[in-house]
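Chemist: One structure, pasted below without further comment.
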């Protein structure tokens, strides 16, 4: 079983908890999740997460990027025992990126979690909320 495939059950739960409203997910999240992957490839992990974190409450008429980051972090945390102590995805990534031996692993974990979230979103009805 591939790494992303193993994360899909956690991703569905994370979408239900963090992004869904009455079983529906805002269509804007599809674009946000696609742009996240492209941003990580083009700009790097920390600059991309910083941009999303900075926009957490600026785009309320579409969808809150903070909910997306929380869902991704919930999926990432599901792989750890004990759970990470950082409060949010950006702080978690910042901590891990300061450790040279963990940089590639954290990038892979976050990208895999975002792919799992993208797949999980497809199981929900999409609407403009």
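The values are calculated or read from the model by the stated rules, or taken from the named source; none is laboratory data. Here the structure is a predicted model, which is why all the values come from computation and not from measurement. Cβ atoms come from the backbone with ideal geometry, glycine included; neighbour counts cover every protein chain shown.
Chemist: Could you go through segment 78-91 and let me know if any residue there is outside any loop (DSSP other than H, G, I, E, B), buried (at least 17 other Cβ atoms within 10 Å of the Cβ), under 16 Å from the mean Cα position of the chain (by Cα) and modelled with pLDDT of 95 or more.
Modeler: yes
Chemist: On to the next question. Can you pull out every residue in segment 97-110 that is touching a helix residue (DSSP H, G or I) at 6+ places or on another chain (Cβ under 6 Å), surrounded by fewer than 21 Cβ atoms within 10 Å (Cβ to Cβ) and under 15 Å from residue 49 (Cα atoms)?
Modeler: Matches in segment 97-110: 97, 103, 106, 107.
Chemist: Taking segment 7-45, which residues are loosely packed, with under 14 Cβ neighbours inside 10 Å and either in contact (Cβ under 8 Å) with a residue 40 or more places away in the chain or in a helix (DSSP H, G or I) (or both)?
Modeler: Scanning segment 7-45 gives 9, 17, 21, 23, 31, 34, 38, 41, 42, 43.
Chemist: What single numbered condition from (1) in a helix (DSSP H, G or I); (2) modelled with pLDDT under 95 fails to hold for residue 1?
Modeler: Just one mismatch for residue 1, condition (1).
Chemist: Please work out which residue is surrounded by the most Cβ atoms within 10 Å (Cβ to Cβ), limiting yourself to segment 61-72 and to residues that are without any contact (Cβ under 8 Å) to a residue 40 or more places away in the chain and in a loop (DSSP other than H, G, I, E, B).
Modeler: Once the filter is applied, the top-ranked residue is 64.
Chemist: Of the residues 111, 75, only one is within 10 Å of the chain's Cα centre (by Cα), in contact (Cβ under 8 Å) with a residue 40 or more places away in the chain and more than 20 Å from residue 17 (Cβ to Cβ); which?
Modeler: 111
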